[in-house]
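Colleague: Got a structure for you, written out below as structure tokens; questions coming shortly.
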Amino acid sequence: MHKGSCLCGAVSFEVTGPLPRATACHCSMCRKATGNYEVGVDVEKSAVTVRGKDNVTWFQSSETARRGFCSRCGSPMFFEFLKADKIGLMLGSFDGPTGIRVSEHIYVGNKGDYYELCDGAPQYETVPGQ
């Protein structure tokens, strides 16, 4: 089981089962929502238990997705495609080691000019397979 929380602890979550591969998104929306590029994992909604749901505020960032953050401290925590059975969890929200690494970078054409991608993971202009 993996656990995580926001900065102030008002929102926490637990994930049952292994974590899938991590993706780093460099699109302008993820950069603006997190203050840098976003790194997360997409897990089945049924594998996640969220505590403090009353402290989660959702912002619909596109016609197909919304982002969840703690209404108390502002920590970005969730990314959810509206018509999917999965939810994205920000890796920075996890407590302790996750045991995974970034497996790919997406939307690298939109990445900020203030950093370089040096981890050797594959880089894509969009999402592979779309």
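The values are calculated or read from the model by the stated rules, or taken from the named source; none is laboratory data. A quick note: this is a predicted structure, and the numbers were derived from the prediction, not measured. Methodologically, a virtual Cβ is constructed for each residue, glycine included, from the backbone with ideal geometry; neighbour enumeration extends over all protein chains shown. Each accessible area value is taken on the protein alone, full model and side chains, heavy atoms only, with ligands, DNA and RNA left out. Shrake-Rupley method; radii C 1.70, N 1.55, O 1.52, S 1.80 Å.
Colleague: Could you give the dipole magnitude of region 75-130 about its Cα centre, charging the beta-carbon of Lys and Arg +1 and that of Asp and Glu -1, in debye to the nearest 20?
Modeller: On the way: 4 positive and 8 negative charges, 31 e Å.
Around 140 debye, computed over region 75-130.
Colleague: So which of Lys53/Lys111; Lys3/Lys45; Lys53/Lys83; Lys32/Lys86 end up more than 25 Å apart by C-alpha? Provide the component values of the computation, followed by the final result.
Modeller: Numbers: Lys53/Lys111 32 Å; Lys3/Lys45 15 Å; Lys53/Lys83 20 Å; Lys32/Lys86 22 Å.
Beyond 25 Å: Lys53/Lys111.
Colleague: Protein chains only, probe 1.4 Å: how do Leu82, Leu7 rank by accessible area, largest first? Before the final figure, lay out each step's value.
Modeller: Values: Leu82 75, Leu7 150 Å².
Per-residue accessible area, sorted high to low, gives Leu7, Leu82.
Colleague: Could you order Val15, Val50 by accessible surface area, starting with the largest, using a probe radius of 1.4 Å? If you can, show how the numbers build up before the last one.
Modeller: Details: Val15 0, Val50 35 Å².
Largest accessible area first, the list is Val50, Val15.
Colleague: Using only the Cα atoms of the chain, what semi-axes does the equivalent ellipsoid have when each is the square root of 5 times a gyration tensor eigenvalue? Give whole Å, largest first. Could the numbers behind the result be given before it?
Modeller: Details: eigenvalues 104, 55, 43 Å².
Equivalent ellipsoid semi-axes, largest first: 23, 17, 15 Å.
Colleague: Write down the percent of antiparallel bridges among all DSSP beta bridges whose residues are both part of region 1-124, to the nearest 5. Provide the component values of the computation, followed by the final result.
Modeller: On the way: 29 of 34 bridges.
Antiparallel bridges: around 85 percent, rounded to the nearest 5.
Colleague: Do any chymotrypsin sites (Phe, Trp or Tyr not before Pro) in region 39-112 lie in a DSSP loop with no more than 14 other beta carbon atoms within 10 Å, and if so, which? Intermediate values should be presented prior to the final figure.
Modeller: Values: sites: Trp58, Phe59, Phe69, Phe78, Phe79, Phe81, Phe94, Tyr107; in loops: Tyr107.
Here no loop site has a sparse enough neighbourhood.
Colleague: For Asp119, what accessible area in Å² do you get when you roll a 1.4 Å probe over the heavy atoms of the protein chains, rounding to the nearest 10?
Modeller: Roughly 90 Å² of Asp119 is accessible to a 1.4 Å probe.
Colleague: Rolling a 1.4 angstrom probe over the protein chains, ignoring ligands and nucleic acids, what is the accessible area of Thr16 in square angstrom, nearest 10?
Modeller: In the full protein context, Thr16 sits at about 80 Å².
Colleague: Taking the alpha carbon gyration tensor of region 53-125, what are the square roots of 5 times its eigenvalues, largest first, to the nearest whole Å?
Modeller: Details: eigenvalues 119, 56, 35 Å².
Each semi-axis is √(5λ); the values are 24, 17, 13 Å.
Colleague: So which GluC sites (Glu not before Pro) in region 79-130 pass both tests, a DSSP loop state and at most 13 other Cβ atoms within 10 Å of the Cβ? The partial results should precede the final answer.
Modeller: Details: sites: Glu80, Glu104, Glu116, Glu125; in loops: Glu116, Glu125.
Answer by residue number: Glu116, Glu125.
Colleague: Next question, about the same structure. Per residue, how much accessible area does the chain have with a 1.4 Å probe, in Å²? Walk me through the numbers on the way to the answer.
Modeller: Details: 7590 Å² over 130 residues.
Per-residue value: 58 Å².
Colleague: 5 Å is the cut-off here: which amide hydrogens, built 1.01 Å from N in the peptide plane, fall below it relative to Glu104, excluding neighbours closer than 5 in sequence?
Modeller: Hits under the 5 Å cutoff: Ala24.
Colleague: Hey, rough spin-label estimate for Trp58 and Gln123, points 7 angstrom out along Cα→Cβ, what's it come to in nanometres?
Modeller: 3.5 nm
Colleague: In deg cm²/dmol and to the nearest 500, what is the mean residue ellipticity at 222 nm of the chain if only DSSP H runs of at least 4 residues count, each as -39500 (n - 2.57), divided by the residue total? Could the numbers behind the result be given before it?
Modeller: Working: 1 runs with 7 residues, N = 130.
Per the formula, -1500 deg cm²/dmol.
Colleague: Normalized C-alpha radius of gyration of region 21-62, against 2.2 N^0.38 Å?
Modeller: Working: Rg = 12.4 Å, N = 42, 2.2 N^0.38 = 9.1 Å.
Relative to the 2.2 N^0.38 Å estimate, region 21-62 comes out at 1.36.
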